[in-house]
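Everything on this sheet refers to the single structure shown next.
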């Protein structure tokens, strides 16, 4: 009888491992099912029809209880990541550009390229069209980490 209990425990543990630890692989789940079926077959062969039927009923109840436990929402909340990332790439306010800052493109903006400002070089996007390298540009919009620029209009 101890061998049947061991087979049932091993089967349940392998099914739990399949569901919670290594989902999708299938080896632990298949071995768990084989262990549970083996406990039923052993009980029928060694102890007879009555004990075999009881073991089958116990296995069914345990598998149903395991399924209900796994499908509860609280079970999966233990495994979820509950942190949110709310930081920005540019955090130092002394190096952040402002609308109206002027700079010069170091590469061609087609429509994205690099431009150098007083505080450093940034990846920028042209407001419309392409802008050649070496052209004076002005910051028109800063949205999240995207800097939108347009060519600086010179007064003559």
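Some observations on this one:
- Restricting attention to segment 42-82, the residues that are more than 23 Å from residue 29 (Cβ to Cβ), loosely packed, with under 10 Cβ neighbours inside 10 Å and in contact (Cβ under 8 Å) with a residue 40 or more places away in the chain total 0.
- Taken over segment 11-34, the criterion of being under 17 Å from residue 65 (Cβ atoms) and without any contact (Cβ under 8 Å) to a residue 40 or more places away in the chain is satisfied by 13, 14, 17, 18, 29, 32, 33.
- The number of residues in segment 107-156 that are modelled with pLDDT of 90 or more, part of a loop (DSSP other than H, G, I, E, B) and surrounded by 15 or more Cβ atoms within 10 Å (Cβ to Cβ) comes to 3.
The values are calculated or read from the model by the stated rules, or taken from the named source; none is laboratory data. Because the structure is a prediction, the values reported are computed rather than measured. Positions of Cβ are backbone-derived with ideal geometry, glycine not excepted, and every protein chain shown enters the neighbour counts.
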